[in-house]
Amino acid sequence: MIVSNSWVPFDFGPSAMVPLLLGTFAVCFGLISMVVKEWLFLSDTLVAMLFGVLTGPAGFGAVDASKLVDVPSFTLELTRLIIGIQVMAAGITLPKKYLLKELKSLLMLLGPVMTWMWLMSAVVIMLVFRLGFIESLIIASCIAPTDPVLANSIVRGKFAEAKVPQHVRNIISAESGANDGLGYPYLYLALYLLKFSTGEALTRWFAVVVIWQIALSIVLGALIGWGARILLRFARKKEWIDHDSFFSFAISLTLLTLGIVSFVGSDDILACFVAGNSFTWDDWFREETVESHFQDVLDTLFNFTFFIYLGNIIPWSTLSGNGGLLTTGRLITSSVLILLFRRLPATLAVARMTPALETFREAIFAGWFGPIGVGAVFYAMVAQKELEDRVFDGMRVKEYLLPIVLSLVIGSVIVHGITIPLYHIVSAVPSASVAVTRFLSRTPSESSSNFRFPFGPRAISISTSHPRITAISNGARRRESALGVVSSSCPVSTESTLLETGLGNNASSSSSSGSRGPENLPNYGSISRRNI
């Protein structure tokens, strides 16, 4: 704490405002998190990003992150850490030997589907912004992977557990974890094609990217995960490791994997996913930590921090248009087209060849929920760093890269964040309409054997199919009709009849002679009461 010389020693600097805003959001959101996520079905990442926008330069201006850190380098390392933790978690939570059992499904999603996502996005960007095809491929490679952070919010929670089968949730988690590390081949293929001749570009791409980055990272990840599992089992058997260290071991393994694989210049993100799955290949660690929520808590704090930070650093002045082709209308158009056609058509096309997607509805769900988020920002930072080479001077891709990627991230967070609430609203409207229509059209004389009075604090459901009850009701209607009291088609007549004959719950035991109270009627097993 720095003591001020002023009369009122308030500190409005970043050292006070940053923890104040993060703490305020975490506490306030935590108090109503069940309402937001389980009642309103809103994504916590959407709420966090909106909070970052409101408290940032575009809102109240409480904190401007661009004045506190070097945005490109800080964003690159922050996204690397968050993605590493998330893909490690995705690998750990998968069932026993999942990558081997669902290899065909993963190959279809990581091969044809991801390639389609890359090419289709590039075509849209090329047509909307009039960029070259190779330049468009660079931008499209950033948004080709699906985001593990946003995917995690889709496959967990009340809606997912009630509506989404477990095998669909598993394949979405596995794909989002694996393809975040597979963005490098698409990005560097486009960069090399711009930087070198075609032959040299392909040679470098195969040797540096495919062999050194992808293949080596898979081997390293498998070895790190296998070795960590053996050592942890041994330490647990010897009782060398305490409870806290055991449950936080996955986080420590993430940092170790990121460090080792980055040191050798390979794909650390893909290695983290492979290490996580290799680490829990026999399901031992996953079953031991199934009741532990330490990693979930840490993931939540990291995700809150990043999306608040993202909302703070969004360059709204650039997204609002600069007078050229980079206009708000074109950004919205490209976002809509890419979200609609980037993933869904390809997933539907290969659905029959993907065993993990058993029905057409599951293919639609998996095809729609391919969010763009932290992974896209990470690859955009990697691409921006590579584009600093003088070879790329004068190319419009340097100017268009971040605005296009960030607009797609914003669109995906909003659209995928409100998809589930919209689903509930749309599905509720037909159900409510049908229920009201059926109720208004029903009368006691209809063929339906059950009639229910939906008024008052409690409703009475009465079956009128038994001949004794039918005779009593018909006789009462004839008497009421003769007296001109009420029409036989009015629901009130049925209610008064049942009360008169002692079938109603409020019937008096001292009814007129000849009528029997409910205790004297035979038990037909057809009278019930329930709450509305």
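A few remarks follow.
- Relative packing of 52-61, 366-375, which averages over residues the other C-beta atoms within 10 Å, highest first: 366-375, 52-61
- Whether the stretch 265-341 is rounded, prolate or oblate, judged on the alpha carbon gyration tensor where a/c under 1.5 counts as rounded: prolate
- Label positions at Arg352 and Ser262, each projected 7 Å from the Cα along the C-beta direction, are separated by 4.6 nm.
- Shown is the FRET efficiency for Ser317 and Asp393, computed with R0 = 22 Å from the Cβ-Cβ distance and rounded to the nearest 0.05: 0.40.
- Phe341 versus Gln166: modelled label distance in nm, points set 7 Å from Cα along the beta carbon direction: 3.9 nm
- Most tightly packed first, judged by the mean number of other beta-carbon atoms within 10 Å of their residues, the peptides 297-307, 133-143 read 133-143, 297-307.
- Cα gyration tensor shape of the stretch 192-317, rounded if a/c is under 1.5, else prolate or oblate by comparing a/b with b/c: oblate
- Mean Cβ neighbour count within 10 Å, used as a protection proxy, ranking 397-408, 104-115 highest first: 397-408, 104-115
- Rounded to whole numbers, the Karplus 3J(HN,Hα) couplings from phi for the stretch 257-270 are 5, 4, x, 5, 6, 5, 4, 8, x, 9, 7, 6, 5, 5 Hz, using 6.51 cos²θ - 1.76 cosθ + 1.60 with θ = phi - 60°, and x at Gly and Pro.
- Anisotropy class of the stretch 63-190 from Cα gyration tensor, a/c 1.5 cut: oblate
Every number in this text was worked out from the coordinates using simple rules, so none of it is lab data. Since the structure is predicted, the reported quantities are computational estimates derived from the model, not experimental observations. Neighbour counts run over all protein chains shown; Cβ positions are idealised from the backbone, glycine included.
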